[in-house]
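Encoded as structure tokens, the structure appears first; notes follow it.
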Amino acid sequence: MAHEKEPVSLYFDDSSVQVIKAEINKAYGNEVLFFGWTNEDSIVVKTETIARGSEECVAFPLERSFMADVVIHNHPGGKLTPSGPDLSIASVTANRGVGFFIINNDVTEVYAAVEPVVKGTKKPIDAENLKRLVSKDGPCSRTIPGFEERDGQMEMIEHVCGALNNSSCGLIEAGTGIGKSLAYLIPSVEWAKVNMERVVISTKTINLQEQLLYKDIPGLRKALDHDFSYILMKGRGNYICLNRVADAQQDLFSFIDDEELEQFNNLLSWINTTDDGSLSALTFVPKYSLWEKLNSQSDTCLGGTCGFFSRCFVNRVKRKAITAGIIVTNHHYLLADVSLVPTGNSILPSFDRVIIDEAHNLEDSATSFFTKEITLSSVLRLLDRLYSGDKKKKGYLMFLLRKGRSDSAGTSVTGTSVTGTSGTWVADTGGFGNRDLKKIMEEVTLLRSSAHELFEAIEEFLISTGRHISTNTRKSDLNTRKSDLNTHKSDLNTHKSDLAVCEITDDVKDLPGWENRVIRQFGIFYKECTGLSNSLYELREKIIGDAEESVLKQIESFIFRLVEITQTVDDFLSDEDKNHVRWIEKKRETAVVVSLIDVGAALQELLFSQVKSAVLTSATLTVDNRFDFIKRRLCLHEAEISVIVKSPFHYDEQMVAIIPSDMVEPDLPDYLPVLSNCVLKILKNTGGKAFVLFTSYRTLNEVFDRIGDELKRTGLFVFKQGNDSRMNLLNDFKKNIHSILFGTESFWEGVDAPGDTLECVIITKLPFKVPTEPVVKARMERIRLEGGNPFMDYSLPLAVIKFKQGIGRLIRKNTDRGLIAILDKRVLVKRYGNIFLNSIPGGNISRGSLEDVLQKTDGYISNNSLTK
């Protein structure tokens, strides 16, 4: 134990000090209780605000404190000597390895009544004991219906235990059917129990999250002789904010559109009955424009000073997460939350161990996270929330005008008193007056107009240069990478109508209309956006002593969003930054987009360097049985564990792959009719029971238009992606075994239809990414400049992983049987074809004419009769 005050720098990092200081100020200098988490040097690097009290005391939830590394609270009087109650609590936390710190209100001094346990003293978990849980006669066999002992599952448990025990990074390719979810859940639960340290599990798809939450975790809880806590963590924006609802209730005219009013009233009723408060708990889907006004946002959150803090749905989740041993989340939210740690606005509690499932998608998730875009509608939504400018004159500025004119407090519909303002800070007699607010409204109107003019200029530029349907790259680019594009020629052709992209290259900047029209409008837009944010900042500064904190926070939020827009414009127009790629795209609307080229280094800095153990797993991490590609892309060259755990399925007996040699290559003129005829013959032969997987909507629609009606006339049930949601299509597909589903990207992975519902997967084309997509092209160019081979080092590995995912849809149980039809002749005639062929599990491959290979599928289709 320390016996004197010490400078905080010995125990806290700078960001933690700033967060604590801000929280104490928000609590008006009263006592505040924090939980803290330390790094390996025993420095507090993250804190969580737990309770606020009076000048003399603060509530202390003892059991919850055991998940922290240290308990921290302030003594407002500045005397840091522990009181009797302090020492009583400190003695209990000390027995559980939790430190106890007392700080002054300025957070300059600390008294360490109990030093935190030095990191690195974690207890190892016993893999052999855990493997017994999944043995033939183990608890899982007795409690989980249909459970079978699997050698691969035991092997994976051993590797996950090794990564946790040795604080290392592991890459584990877990073949379909080994039960990888339980193989990482069992060690994670044990680690949380033994070491009182939570483990975060991140997935890409909702399907896997639901499997974990509603099947695997409940099943494991029944099998174990002890219980464990877990929670699903979703992004803050998924939860409704009671404070923003109260603001809306004060002036419905300013906030809520007439069309939204009924939904708003339904939300008010729901708020008083829901324990969850999240979007997924609603029985209806609110309009996005309404939810955006009412959901929780980090930049408007008041934290502990909010009048609704005790009822806050986000705060409830945060409290539950502190005591949870297992936290389930998704890749995008995981990255978003860890990026907020320095600001103190993260929701996830501190963690040192993470399991990344569906890890083959992590680079894509990170790319999405690091991509910024501006659309006209996003700018207009923001400005409308500030001031609509139409006849109805809605928005926050109108709310402030009306709020300032009222001296009385409002009362919310939910029965909670809402404090009003005196009105002095918007009075014409002084301060920031009505005239000033109206001036800001005029600035909003000007910015709205310049936003319209900017996107009109962009549209006109795209049309005048023919790039509104662009699939072409600059001429110099075509010349320098002719071999790469020749390799992808067929991929360019079949994706052509799916693209509407104009990458901002030097050649584009030299075209007429860019400098004198587009850049000029960007300049006007940027200037007015900056001017508006400055005016709002001045408003905030002038009312800071009189206005409620919720008003200040909301103004800060508008400033933050405007600054984000100007920063994106800066990044988009920058000539110096070579780490980003910039383009304009047209899908539903025109978007100005900036994306990070290489996300591996960012992932390393943001996530992997911040945790002790990381296990990345998927059924498809390797290319040609090597982990080189995933290691390069995610900067995991030092991963200590790289193992392939083989599937228990007997693919050579359960599955045959057919490759018709009379198919034509995708870049030939008769490709579509030949492909359509081939698909038709296979589907008639199998009696449906098939996924037909495409790489573009264009090809899907053209093939469907050619053969869809004939398939229906034969009695087959035919479904096409785009006609309904993915979930509804999949459910409809499973209702009848003679069903066919035509799908693109989202059906290549993450969907299951085990049994005789799905016995045929047709891969119409090798799933190469389009080489002219800006991020793909930029990454290929970066590889070329570094002396690599863009096709072999990037395009091919990505396609092989996607190819393996598509094949993986077929065999999901050891009783499944079926055929894979590969209708891309390139696997037979191109040198790289063998890499795809080597990725087909079991090696049972039949080549020949379509008629010949179909004859070899007998025994793999259970019943192709259409008789019901």
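The values are calculated or read from the model by the stated rules, or taken from the named source; none is laboratory data. Because the structure is a prediction, the values reported are computed rather than measured. Virtual Cβ from ideal backbone geometry, glycine too; neighbours counted across all protein chains shown.
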key: Among the candidates Val314, Val285, Val328, residue that is of a type in the set (A, V, I, L, M) and more than 25 Å from Gln211 (Cβ to Cβ)   = Val314
ask   = Exactly one of (1) closer than 16 Å to Ile762 by Cα; (2) among the aliphatic types (A, V, I, L, M); (3) in a helix (DSSP H, G or I) is unmet by Val718. Its number?
value = (3)
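Here is a yes/no grid of residues against (1) farther than 19 Å from Ala821 by Cβ; (2) crowded, with 20+ Cβ neighbours inside 10 Å; (3) assigned by TED's automatic domain parsing to the domain that holds Ile811:
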site	(1), (2), (3)
Ser739	no, yes, yes
Gly743	no, yes, yes
Ser746	yes, no, yes
Thr757	no, no, yes
Ile763	no, yes, yes
Arg782	yes, no, yes
key: helices (runs of 4 or more DSSP H) fully within region 555-668 counting 1 or more residues that are closer than 25 Å to Ala366 by Cβ and charged (D, E, K, R)   = 600-606, 628-634
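One line per residue, one yes/no per condition, for (1) in contact with a Phe, Trp or Tyr (Cβ under 7 Å, 6 or more places away or on another chain); (2) in the same structural domain as Gly179 (by TED's automatic domain parsing); (3) free of Cβ contacts under 8 Å to residues at least 12 places away in the same chain; (4) buried (at least 19 other Cβ atoms within 10 Å of the Cβ):
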| site | (1), (2), (3), (4) |
| --- | --- |
| Gly277 | yes, no, no, yes |
| Glu292 | no, no, no, no |
| Ser296 | yes, no, no, yes |
| Cys312 | no, no, no, yes |
| Asn315 | yes, no, yes, yes |
| Arg319 | no, no, no, no |
| Val341 | no, yes, no, no |
| Ile347 | no, yes, no, yes |
ask   = Taking the stated definitions as given, is Val775 part of a helix (DSSP H, G or I), among the aliphatic types (A, V, I, L, M) and touching a strand residue (DSSP E or B) at 6+ places or on another chain (Cβ under 9 Å)?
value = yes
task = Take Phe733 and decide whether it is more than 22 Å from Val853 (Cα to Cα) and not in a loop (DSSP other than H, G, I, E, B).
result = yes
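A quick yes/no check of all residues on (1) closer than 17 Å to Asp357 by Cα; (2) modelled with pLDDT of 95 or more:
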site: Ile144; (1), (2): no, no
site: Phe147; (1), (2): no, no
site: His159; (1), (2): yes, yes
site: Ile172; (1), (2): yes, yes
site: Pro187; (1), (2): yes, yes
site: Asn207; (1), (2): yes, no
site: Glu210; (1), (2): yes, no
site: Ile240; (1), (2): no, yes
task = Return the pairs, sorted by first residue and then second, in which the second residue is among the hydrophobic types (A, V, I, L, M, F, W, C) and buried (at least 17 other Cβ atoms within 10 Å of the Cβ), the first residue lies in region 64-84 and is over 30 Å from Ile327 (Cα atoms) and touching a residue at least 24 places away in the same chain (Cβ under 8 Å), the beta carbons are less than 6 Å apart, and the residues are 6+ apart or on different chains.
result = His75/Ile102; Leu80/Ile102; Pro82/Ala113
inquiry  = Which numbered condition in (1) closer than 19 Å to Met663 by Cβ; (2) in contact with a Gly (Cβ under 9 Å, 6 or more places away or on another chain) is the only one that Ile840 fails?
reply    = (2)
Unique match (being outside any helix (DSSP H, G or I) and not polar (S, T, N, Q)) among Val328, Val314, Val379 = Val328
ask   = Counting just the residues of region 503-554 that are of a type in the set (Ser, Thr, Tyr) and in a helix (DSSP H, G or I), which one comes out farthest from the chain's Cα centre (by Cα)?
value = Ser535
message = Please determine whether any residue of region 769-790 is of a type in the set (A, V, I, L, M, F, W, C), closer than 30 Å to Tyr651 by Cα and in contact (Cβ under 8 Å) with a residue 12 or more places away in the chain.
response = no
ask   = Do we find that Val45 is closer than 23 Å to Met196 by Cβ, without any contact (Cβ under 8 Å) to a residue 60 or more places away in the chain and among the β-branched types (Val, Ile, Thr) in this structure?
value = no
message = Against the condition surrounded by fewer than 15 Cβ atoms within 10 Å (Cβ to Cβ), more than 30 Å from Ala163 (Cβ to Cβ), in the same structural domain as Lys830 (by TED's automatic domain parsing) and not polar (S, T, N, Q), how does Asp705 come out, does it pass?
response = yes
task = Among what's in region 294-332 and is modelled with pLDDT of 85 or more, in contact with a helix residue (DSSP H, G or I) (Cβ under 7 Å, 6 or more places away or on another chain) and among the aliphatic types (A, V, I, L, M), pick the residue that is farthest from Val189 (Cα to Cα).
result = Leu294
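Quickly run through region 93-113 and pick out the residues that are outside any strand (DSSP E or B), closer than 18 Å to Leu10 by Cβ and among the aliphatic types (A, V, I, L, M).
The answer is Val107, and nothing else.
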request  = Return yes when Thr121 is surrounded by fewer than 19 Cβ atoms within 10 Å (Cβ to Cβ) and within 22 Å of Lys215 (Cβ to Cβ) and no when it is not.
outcome  = no
